[in-house]
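Beneath this line is the structure, given in structure tokens, with notes to follow.
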Amino acid sequence: MPPDSTCIAGFSRRYWTVAAIIFAVVWFANLDVRKLQHPDEGRYAEIAREMVATGDWVTPRLNGIKYFEKPPLQYWLTAASFEAFELDEWTARLPSAIAGFLTILVVGYVGRVIASPTVGVYAALALAGCVWPFGIAHMVTLDALLTFWLALALGGFLLAQHWRDVPAQRGAMLVAWVALAAGVMTKGLVALVIPFSTLAIHTLVTRDRTPWTRLHVFPGLLLFIALAAPWFIIVSSRNPEFARFFFIHEHFERFLTTEHRRTGAWWYFLPLLALGLLPWTGVLLWGLRRAWQAPAVPAGAFAWVRFCLIWCAFVLAFFSASGSKLPSYILPIFPAAALVLGIIIERMPPRVLAGFAALIACTTIALWGASIVGWGRIAAAFASTRTPRSLLDALGPWLMIALGVASVGYVIAWLVLRRETTRSRSAGVVALSMATMLTMQAVYTGSDVFRATRSAFPLVTALENASNPPYDPSAPFFQVRMYDQTLPFYLERTTTLVEYRDELAPGLDAEPSLAIPREADWIDRWRALPQGYALMARDTYQEFVAAAIPMRVVATDFRRVLVARK
């Protein structure tokens, strides 16, 4: 009897539709539970807020100061989210969350077409249940959006290599070119470096030049230029300093130097990648050699598995060689890795997959038990001035809940996978992914305890609730020797920086009047004000108290003091 064409990986299409809805609910359920945290979330949300407030969607500004480190597409989408709904944490995170979920759908569709419906399902489930893609897609950063565009470009390219119909190839590649343009508009030239370097390396390794003939370069390049060039031209005409800073400083100097103080050893990303791939790290390592040696394509067809593995290796090597490193940089690895995981999971003996589920279940149970028994000692060991013991004590119960959820979910996956059927394999993969997603949601819910040190929301709330005298939103607001990225967002107004430059230095060089470079000048201005507000570090406040600077404490936390003039 022929197989049921409506059955995918042992289950009906209706089952997978319901599963997709449940995954979507879990994915988007928790966007508003945490206050924005310093630095990235505050920075990118504030730039978008200022676009809405000023109506200037061409020149990005942070705290009122020109900010050219990144192109504006993420800011535009976030600003559109604010205008469509409301100014809130969930609307700030919505573009990244949507981008992350769309990446899963792209990976699933591409895997279905170039391999099989089963591979597509497993690839999508693997990506949805990876720690790193889930975690970063639920933060206000640029990397989830960039990764979506790169995944779309990768998918379009792979489909163009798979399809033999020329119009279909052209359509897929035009989608890829559009995605590349959007990637450049999200984070710059890296959106071109990754795919074209991967293709060049693939050609050298496999000696297959055929993919170059299917790029449809002429119409694709015209479309790319039409989409990507206008903003660069307009912003350069309005801001003569833009081109040099963006193309030279933000690309070549950032990559070749350590001036951004984001350094790391050559192996910096290796443990992050191992952690980010959980719970699939062991599965990928087990199948890596087999995947490379036996690409899942007919003879003479495009070796897409090798291409995806080269993509992963290049992203890892490229950012490892950079003088500026952040954990989120390697996120573009994961869609390509998920496609490979789809093949590996489909072909892996059920007992081996069950063994990996048992291993991660045992490890998680051990960590759960250790947290229950010894969290007090763990908290004491990691406590510091910047991360007080009280915050770690508040975080502990949430981590125990998270590890408990993971333990139960992974044990269920192991029990299901032991049955060694197609349906049990699929159900076990669903259980592994869902357990990881629920675990990450619990971790993120608990991480809101750090609002006390990494968000200005509690300080602003205290200020707005002050009654003697009440808060005056028209009075000047200063940040002295510091800049909290979340403060302008929660104030819904910009602040004046005092003796602080850092990443805002290029913008301040262009418009120096927007800040006060010398603290002494600010003190004179402060003394003359009838009312004003200032945020500063605790040690700075103590210095001003000793100097008899007139101040009244409005609110304070572990790191900062918010004062009023009178």
- Message: I need the full set of residues from the stretch 454-479 which are within 17 Å of Thr496 (Cβ to Cβ) and out of contact with any Asp or Glu (no Cβ under 7 Å at 6 or more places or on another chain), in order please.
- Response: Val460, Leu463, Asp472, Pro473, Ser474, Ala475, Pro476, Phe477, Phe478, Gln479
- Item | Filter pass, Asp88 being modelled with pLDDT of 95 or more, open to solvent by 20 Å² or more (accessible area, probe 1.4 Å), closer than 30 Å to Arg244 by Cα and of a type outside the set (S, T, N, Q) | no
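Restricting attention to the stretch 431-457, report how many residues are touching a strand residue (DSSP E or B) at 6+ places or on another chain (Cβ under 9 Å) and either without any contact (Cβ under 8 Å) to a residue 24 or more places away in the chain or part of a helix (DSSP H, G or I) (or both).
Qualifying residue count, the stretch 431-457: 1.
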- Task: Could you grab me the full set of residues in the stretch 465-496 that are among the hydrophobic types (A, V, I, L, M, F, W, C) and touching a residue at least 40 places away in the same chain (Cβ under 8 Å)?
- Result: Ala466, Ala475, Phe477, Phe478, Val480, Met482, Leu487, Phe489
- Query: Of all residues in the stretch 369-391, which are open to solvent by 100 Å² or more (accessible area, probe 1.4 Å) and either under 18 Å from Ser455 (Cβ atoms) or acidic (Asp, Glu) (or both)?
  - Reply: Thr385, Arg386
- Note on the structure: When the stretch 413-426 is checked residue by residue, the ones that are assigned to a helix (DSSP H, G or I) and either surrounded by fewer than 21 Cβ atoms within 10 Å (Cβ to Cβ) or touching a Lys or Arg at 6+ places or on another chain (Cβ under 7 Å) (or both) are Leu415, Leu417, Thr422, Arg423, Ser424
- Note on the structure: The lone condition Ala548 fails out of (1) farther than 25 Å from Ala92 by Cα; (2) open to solvent by 30 Å² or more (accessible area, probe 1.4 Å); (3) in contact (Cβ under 8 Å) with a residue 12 or more places away in the chain is (3)
- Task: Considering each residue of the stretch 350-362, count those that are free of Cβ contacts under 8 Å to residues at least 60 places away in the same chain and either in a loop (DSSP other than H, G, I, E, B) or open to solvent by less than 10 Å² (accessible area, probe 1.4 Å) (or both), and give that number.
- Result: 1
- Query: Hey, does the stretch 134-143 have a residue that's modelled with pLDDT of 95 or more, buried (at least 20 other Cβ atoms within 10 Å of the Cβ) and of a type in the set (D, E, K, R)?
  - Reply: yes
- Message: Being surrounded by fewer than 23 Cβ atoms within 10 Å (Cβ to Cβ), at pLDDT 95 or above and of a type in the set (Phe, Trp, Tyr) is true for just one of Phe318, Phe314, Phe334. Which residue is that?
- Response: Phe314
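For every residue, the table says whether it meets (1) in contact with an Asp or Glu (Cβ under 9 Å, 6 or more places away or on another chain); (2) under 14 Å from Gly276 (Cα atoms).
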{"residue": "Phe101", "(1), (2)": "no, no"}
{"residue": "Leu105", "(1), (2)": "no, no"}
{"residue": "Ala126", "(1), (2)": "no, yes"}
{"residue": "Val140", "(1), (2)": "yes, no"}
{"residue": "Leu146", "(1), (2)": "no, no"}
- Message: Given the criterion within 29 Å of the chain's Cα centre (by Cα) and at pLDDT 95 or above, identify the matching residue among Arg493, Arg518.
- Response: Arg493
- Item | Qualifying positions in the stretch 186-199 - assigned to a helix (DSSP H, G or I) and either among the β-branched types (Val, Ile, Thr) or open to solvent by less than 10 Å² (accessible area, probe 1.4 Å) (or both) | Thr186, Val190, Ala191, Val193, Ile194, Thr198, Leu199
- May I ask you to list the residues in the stretch 152-193 that are within 23 Å of the chain's Cα centre (by Cα), over 22 Å from Phe68 (Cβ atoms) and in contact (Cβ under 8 Å) with a residue 40 or more places away in the chain? Leu152, Ala153, Leu154, Gly155, Ala176, Trp177, Val178
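The values are calculated or read from the model by the stated rules, or taken from the named source; none is laboratory data. These numbers were taken from a predicted model, which means no experiment stands behind them. A quick note on method: Cβ atoms are made from the backbone with ideal geometry, for glycine too, and the neighbour counts reach across all protein chains shown. Note: areas computed on protein heavy atoms with side chains; ligands, DNA, RNA excluded. Shrake-Rupley method; radii C 1.70, N 1.55, O 1.52, S 1.80 Å.
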